[in-house]
Every structure is written in C-alpha cells, then in structure tokens.
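A.B. asks: Quick one: the structure is below, questions incoming.
The values are calculated or read from the model by the stated rules, or taken from the named source; none is laboratory data. All values derive from a computational prediction rather than experimental measurement. Using ideal geometry, Cβ is built from the backbone for each residue, glycine included, and neighbour counts are taken over all protein chains shown. Side chains are part of the model used for accessible areas, which takes the heavy atoms of the whole protein and leaves out ligands, DNA and RNA. Shrake-Rupley method; radii C 1.70, N 1.55, O 1.52, S 1.80 Å.
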Amino acid sequence: MAGRSEGLALEPLWHAPETVPANGVDARGGLLPPTLAARFMGELAVTLIPERPTVIANFVSTVDGAVALGPSEPAAGGGEISGFSDADRFMMALLRGLADVVIVGAGTVRVGNRHRWTAGYLQPALAADFAAWRAELWLSAQPTMVVVTASGNLDPTHPGLSAPDVPVIVATTPAGAARLGSRPLPANMTVEAVGSEERVPAGAILELVRGTGARLALCEGGPHLFGELLRARLIDELFLTLAPQLVGRDTYAHRLALVEGTSFGEGHGRWSRLLAVRRAGDDLFLRYRFER
Ligand SMILES: NC(=O)c1ccc[n+]([C@@H]2O[C@H](COP(=O)([O-])OP(=O)(O)OC[C@H]3O[C@@H](n4cnc5c(N)ncnc54)[C@H](OP(=O)(O)O)[C@@H]3O)[C@@H](O)[C@H]2O)c1
C-alpha cells in the first residue's frame with residue numbers, strides 16, 4: 001500500500017538542550033551518515049544509563065489515542081494507524097538502527113505476519129546506509145529480537161522470526177516453552193522460560209536483554225508489553241508519532257499502555273519531559289524522557 005509522507009524530511013521544530021548529550025556523557029548514536037542525516041535533518045543520540053540497559057519505546061498513535069483498532073479489526077497494526085506513513089517508517093528504522101535489541105509482544109508479532117524487525121525492512125532503499133551506520137557504531141549487523149509470550153503461540157516459520165541473520169530470543173513461561181518445544185525451531189531462535197505460569201515479569205525481560213550484553217533496547221509494543229515495562233519503571237524514553245487521524249473507537253484495547261488489573265490510582269502514572277518535536281507533513285514526532 002502506498003504510504004503518506006513519502007520521502008519527506010523530519011523537520012526539527014524544537015528540542016531541549018539535553019537532546020544532544022554533552023561531551024563525556026555515555027550515549028548511543030550522534031552524527032548520522034549523510035543520507036540519513038539529510039532526511040532526519042540533524043543527529044540522533046540516546047543517553048545511556050550506566051547500571052542497566054536503557055529502554056526506549058516507539059509507537060504511532062492517532063490524535064484520539066488509538067495505537068490499534070481493537071478486536072473489531074484485529075489484523076490492523078501500526079501501518080493502518082499511521083496511514084502507512086513513510087516518515088514514520090523512517091523514524092522506526094532509525095531507532096532500530098540504533099538498538100542492540102528490539103523487544104516485541106507476541107500479539108504484535110501475530111498481527112505483523114510478514115513483518116521483519118529490521119531497519120532495512122522498513123526502508124529498503126536505505127538498507128545499506130543503515131548497515132553502514134551500525135558498523136560505524138560497532139553494533140551487530142541486526143538487533144536481537146526479544147519476543148515476549150506467555151502462551152508460546154508463535155509461528156516459528158514467521159519470516160521475522162526465522163531470518164538467519166536476526167537472533168531471536170523468546171521470553172516465555174514454562175507452558176509457553178513446552179508448546180514451542182513441540183515444533184522444530186529455526187537455528188536463530190532460543191527459548192527462555194523465565195516467566196511464571198501466566199506472564200513474564202518486566203524484570204525477567206530486562207535480565208534477558210542484559211544477558212545479551214545490550215546497552216540500548218527498543219520496545220515496539222504492543223500496549224500489553226509496553227504497559228508491563230512502563231509499570232516497572234523500565235521505559236526511559238518514548239518516541240511517539242502522532243498521525244493526523246481520528247478513529248473514534250471507544251474500547252480500551254487500542255490504548256498505548258495497557259496493564260490489566262491495575263488502575264491509575266495505584267501510582268502507575270508516569271510523567272515525562274518533552275525532549276524534541278519534529279514534523280513531516282502532517283505527522284508530528286514527539287520525544288519524551290521519563291523521570292526515573
Ligand atoms: N501503533 C503502534 O505503534 C503499535 C505498536 C505495537 C503494536 N501495535 C498494535 O497493537 C496490537 C496488539 O496489542 P497487544 O497489547 O495485544 O500487543 P502485545 O503486547 O504485543 O501482545 C500481547 C501479547 O504479548 C504477550 N505478552 C505481552 N506482555 C507479556 C508479559 N508481560 N508476559 C507474557 N506475555 C506477554 C502475550 O502473548 P500470548 O498471548 O502469546 O501469551 C500477550 O497476549 C496490534 O494490533 C498491533 O499491531 C501498534
């Protein structure tokens with residue numbers, strides 16, 4: 001499907017001073033290769049936390065707060081939310097380009113049944129530039145994928161889970177591991193039973209990420225997984241694209257962060273600082289840093 005904002009640059013509108021880390025601050029990124037810098041109109045760096053992997057998240061939302069269309073359209077994903085915005089795909093690709101690990105929930109994997117969680121998949125014409133950037137940053141060719149599932153209901157032949165050059169770690173429960181273990185698994189996939197019977201706690205996900213040696217992880221949702229990490233105060237930054245669409249749904253299934261069985265009153269609300277604002281056509285690109 002043809003996308004919106006094809007080839008548009010992400011024009012910087014405003015940024016906080018700390019968006020460009022000071023000399024001596026441990027950070028990932030900085031100057032971009034010329035082709036990527038031309039489109040991003042600047043540099044991109046994420047400050048790294050010393051004591052644990054830094055976790056950033058990326059979502060696209062409609063202006064009325066939908067990140068998915070809910071049970072009535074379960075096959076619709078971020079593409080339908082953004083109107084297949086090419087500028088949003090570029091932003092996603094940049095963040096994948098910077099990350100050691102991409103963390104996704106099984107619900108998102110099941111919806112994106114042809115998706116691959118690499119920068120090159122999102123921006124094929126720039127795949128070589130992203131590869132060169134990762135090499136310059138001394139990163140592995142592709143980020144490792146960590147897929148979180150309680151049930152183990154994943155198709156190991158999914159193209160995004162079985163590409164030989166993308167290491168995949170499935171973080172699951174004992175039951176999930178048993179279910180996955182009953183099928184042949186691709187050589188790039190390992191299964192880790194680190195959860196309880198019903199879920200994989202955020203801390204266990206973080207320990208798996210840490211075990212890979214990662215300094216920077218990118219959470220690409222969906223809402224259940226993001227909610228789990230947010231509640232555990234493990235999300236450090238959010239890159240949020242606002243797509244100029246109103247979908248007018250009234251279920252909770254499409255909210256950005258979803259934690260079942262808890263409420264705002266339990267102190268799980270998180271405040272953040274606005275770090276940067278960009279625009280490409282009618283899309284807004286917001287960057288927030290959460291208080292720790
Ligand atoms: N707009 C955007 O930027 C964006 C980004 C991502 C996703 N989405 C959309 O969001 C929708 C999916 O929403 P969702 O909330 O269902 O996504 P999700 O968090 O990716 O998937 C939920 C599933 O992931 C597993 N999971 C998540 N957290 C877990 C935990 N702590 N422990 C164990 N398992 C865990 C469970 O899998 P099992 O059921 O296998 O146990 C759970 O049912 C899709 O339509 C997707 O396209 C939109």
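A.B. asks: Looking at the range 135-165, which of the residues that are under 17 Å from the mean Cα position of the chain (by Cα) and open to solvent by less than 10 Å² (accessible area, probe 1.4 Å) is farthest from G97 (Cα to Cα)?
C.D. replies: Here the residue is T149.
A.B. asks: Counting only residues that are within 12 Å of the ligand (Cβ to nearest atom) and either more than 11 Å from the chain's Cα centre (by Cα) or more than 25 Å from R273 (Cβ to Cβ) (or both), how many does the range 224-238 have?
C.D. replies: 8
A.B. asks: Looking at (1) within 14 Å of the ligand (Cβ to nearest atom); (2) not in a loop (DSSP other than H, G, I, E, B), which one does L126 not meet, given that it meets all the others?
C.D. replies: Just one mismatch for L126, condition (1).
A.B. asks: Same structure again: Out of all the residues in the range 206-214, is one or more within 11 Å of the ligand (Cβ to nearest atom) and either out of contact with any Pro (no Cβ under 6 Å at 6 or more places or on another chain) or over 14 Å from V168 (Cα atoms) (or both)?
C.D. replies: Within the range 206-214, not a single residue is within 11 Å of the ligand (Cβ to nearest atom) and either out of contact with any Pro (no Cβ under 6 Å at 6 or more places or on another chain) or over 14 Å from V168 (Cα atoms) (or both).
A.B. asks: Regarding the range 173-189, can at least one residue be identified that is open to solvent by 30 Å² or more (accessible area, probe 1.4 Å) and at positive phi?
C.D. replies: Among the residues of the range 173-189, not one is open to solvent by 30 Å² or more (accessible area, probe 1.4 Å) and at positive phi, which makes the answer no.
A.B. asks: Search the range 57-107 for residues being among the β-branched types (V, I, T) and either more than 13 Å from the ligand (Cβ to nearest atom) or open to solvent by 30 Å² or more (accessible area, probe 1.4 Å) (or both), and hand back the single one that is modelled with the lowest pLDDT.
C.D. replies: It comes out as V63.
A.B. asks: Run down G7, G24, G42, G3 and say which single residue is assigned to a loop (DSSP other than H, G, I, E, B) and exposed (fewer than 11 other Cβ atoms within 10 Å of the Cβ).
C.D. replies: Criteria check complete, one pass: G24.
A.B. asks: Name the pairs whose Cβ atoms lie under 7 Å apart, with the first residue in the range 86-113 and touching a residue at least 12 places away in the same chain (Cβ under 8 Å) and outside any helix (DSSP H, G or I), the second basic (K, R) and open to solvent by 10 Å² or more (accessible area, probe 1.4 Å), and 6 or more positions between them or separate chains?
C.D. replies: Listed by first residue and then by second, the contacts come to D100/R215.
A.B. asks: Could I ask something else about it? Please note which strands (runs of 3 or more DSSP E) are completely contained in the range 172-260 and include at least 1 residues that are charged (D, E, K, R), within 21 Å of P143 (Cα to Cα) and in contact (Cβ under 8 Å) with a residue 12 or more places away in the chain.
C.D. replies: Once the strands (runs of 3 or more DSSP E) in the range 172-260 are filtered for at least 1 residues that are charged (D, E, K, R), within 21 Å of P143 (Cα to Cα) and in contact (Cβ under 8 Å) with a residue 12 or more places away in the chain, what remains is 189-193, 237-243.
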